[in-house]
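Enquirer: My questions all concern the structure below.
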Amino acid sequence: MKLLSGIRVLDMTNVLAGPFATVHLALLGAEVIKIENPTDGDLARKLGNVPELNKKLMGTSFLAQNANKKSFTLNLKGDKAKEIFKKLVQSADVLVENFRPGVMERLGLSYNTLSEINPRLVYCAISGFGQTGPDAFKPAYDQIIQGLSGVMAINGDETLNPLRCGFPVCDTVGGLNAAFAIMAALFHRERLGEGQFIDVAMLDSIMPLMGWVAANLLIGGKHPVLMGNDNFTAAPSGTFATKDGYINIAANKQEQWEDLTDILGVPELKEDTRFKERDTRKANRKLLTPLLEEKLKEKETSYWAEALNKKGIPSGEILSLDDALHAPQIVHRETIQSIEAPEIGELKLFNLTAKFEKTPGSIDSPPPKLSEHTSDILQELGYSCDEIDKFKEQKII
């Protein structure tokens, strides 16, 4: 069985943060019903680098995080649509939305209204800044949050700063935070039988990820220093040039540093007063790096990675995305799973990365076409084929 078998999730989210939250629930076996506008659905359906798929409303951005879901279209501006929606809420366990604060209330579908219909409902609202506060009603995209959170200010070095992360980290972390919160609320409901409202902000979600950097400022009173690919906690720890490219080395422990000098053939550095102790090595990293790179440049990255790892010094090549996605460890872990999608072909999508011994997650169905499951769900709710046809004529669905 799947961990969340029997749990019904109403997914009213768009683009990334919300869909990323609900795809984790779907991979765990929840029935996730994606409620989309009848015209063109989730905006992500039009986003991606394959124009043909965008025209089919199956853009790569949509495909990336909507496996195992059902698509149900509903124009919530009309009274009949709201009636249908409320009927669906009666059978739901979870509702997730990422509208701006106040949108659901204006539709007459706020948590207070829906919890009267279903007191066991877990309602999760994801937004850029949260439901309250001076910035609550501002629009938010990932890069805006990266800037406001301080993330862009601590990335890069003296030559390239501010610098955004190379993927929408605030969106994805916001989604993970929401998925975690929903699971916690479901656990609470198992004990006390009550649902609740969850307020998840992307801004809140990203900031704890800077815990060590923030602690140095909040507790230690020291502002972060731009260090590029160097690790501020230790030296030598960062990216170093080799004969054919670069290598990441993290000699964070004293014994790792000493072993490193032996492998590189510079044992005299162990007794050099500039590098002998951890804190002095950190202070003199700019002097240390060229001395190490002089030796590292004598051989290829693959040689050094094998030699250092064999001695227990964490190190690794810096792979291209393509090489990383096809690395033997990733293949072994089944991090990526293939599934056939009608009219598209084979899709390679990320599977659930937490490996449950007894209730593993899996991709069981491809991302849905727009409105693929609308008729089936309406029939389950008790509507006849004639009524469904009328809903289509009235553009309710």
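Nothing in this text is a laboratory measurement; each read-out follows from the coordinates by a stated rule. These numbers come from a predicted model, not from an experiment. Methodologically, a virtual Cβ is constructed for each residue, glycine included, from the backbone with ideal geometry; neighbour enumeration extends over all protein chains shown.
Enquirer: Efficiency by 1/(1 + (r/R0)^6): what FRET value for ILE318 and ASN37, r their Cβ-Cβ distance, R0 = 30 Å, to the nearest 0.05?
Expert: Efficiency, from the Cβ-Cβ distance: 0.10.
Enquirer: While we're here: Between LYS80 and ASP279, what length comes free when the chain is fully extended (0.36 nm per residue of separation minus the Cα-Cα distance, one decimal in nm)?
Expert: Value of the extension gain: 64.8 nm.
Enquirer: How long are the semi-axes of the ellipsoid equivalent to the stretch 340-381, from square roots of 5 times the Cα gyration tensor eigenvalues, in whole Å, largest first? All intermediate terms of the calculation are to be shown ahead of the outcome.
Expert: Working: eigenvalues 130, 62, 9 Å².
Here the semi-axes work out to 26, 18, 7 Å.
Enquirer: Using the count of nearby Cβ atoms within 10 Å as a rough guide to exposure, how do HIS24, HIS373 rank from fewest to most?
Expert: Starting with the residue having the fewest Cβ neighbours, the order is HIS373, HIS24.
Enquirer: Would you work out if the stretch 314-361 is rounded, prolate or oblate? Take a ≥ b ≥ c from the square roots of the eigenvalues of the alpha-carbon gyration tensor; rounded if a/c is under 1.5, else prolate when a/b is larger than b/c, oblate otherwise.
Expert: oblate
Enquirer: If you don't mind, there's one more thing I want to ask. Hey, got the Cα dimensions of the stretch 185-298 along the principal axes, in Å, largest first?
Expert: Taking the Cα atoms of the stretch 185-298, the three principal extents are 66, 33, 24 Å.
Enquirer: Give me the net charge for the shell around TYR383: Cβ to Cβ below 15 angstrom, other residues only, Lys and Arg +1, Asp and Glu -1.
Expert: -1
Enquirer: Among LYS70/LYS348; LYS311/LYS355; LYS2/LYS87; LYS222/LYS286; LYS55/LYS395, which pairs are too far apart, with a Cα-Cα distance over 24 Å?
Expert: LYS311/LYS355; LYS2/LYS87
Enquirer: At a 10 Å Cβ-Cβ cut-off, how would you order VAL9, VAL225, VAL89, fewest neighbours first?
Expert: Least to most surrounded, the residues fall as VAL225, VAL89, VAL9.
Enquirer: Please work out, to two decimal places, the log10 of the ratio I(q)/I(0) at q = 0.15, 0.18, 0.27 Å⁻¹ from a Debye calculation in which every Cα of the stretch 246-317 carries one identical scatterer.
Expert: Calculated log10 I(q)/I(0) at the listed q: -0.44, -0.64, -1.45.
Enquirer: Moving on. Under 10 °C and 1.306 mPa s, how fast does the chain diffuse according to Stokes-Einstein, given a Kirkwood radius computed over C-alpha pairs? Answer in µm²/s, whole number.
Expert: Details: Rh = 24.1 Å.
In µm²/s, the coefficient is 66.
Enquirer: Same structure again: Mind checking which of GLY316, ILE263, THR289 is farthest towards the positive end of the stretch 246-317's charge dipole, using Cβ charges of +1 (Lys, Arg) and -1 (Asp, Glu) about the Cα centre?
Expert: Toward the positive end, the furthest listed residue is THR289.
Enquirer: In nm, to one decimal, how far is the GLU346 label point from the TYR303 one, both placed 7 Å along Cα→Cβ?
Expert: About 3.7 nm separates the two model spin labels.
Enquirer: Here is a further query. How charged is the neighbourhood of VAL50? Take every other residue with its Cβ under 15 Å from the Cβ of VAL50, and add Lys/Arg as +1 and Asp/Glu as -1.
Expert: Spelling it out: positives minus negatives among the neighbours equals +2.
Enquirer: Tell me the label-point distance for the pair ARG333, LEU107, using the 7 Å Cα-to-Cβ offset, in nm and rounded to one decimal.
Expert: 3.6
Enquirer: Related question: Fewest first, what order do ASP157, ASP279 take by the number of other Cβ atoms within 10 Å?
Expert: ASP279, ASP157
Enquirer: Please list, or write none, the lysines whose alpha carbon is within less than 26 Å of the alpha carbon of LYS310, excluding same-chain residues fewer than 8 places away.
Expert: LYS310 reaches LYS243, LYS253, LYS270, LYS276, LYS282, LYS295, LYS297, LYS299.
Enquirer: How many nm separate the modelled label positions at ASP157 and GLU52, each set 7 Å beyond the Cα in the direction of the Cβ?
Expert: It is 4.3 nm.
Enquirer: Treating only the Cβ of Lys, Arg, Asp and Glu as charged (+1, +1, -1, -1), what charge dipole size does the stretch 58-163 show about its Cα centre? Round to the nearest 20 debye.
Expert: Its charge dipole is roughly 660 debye.
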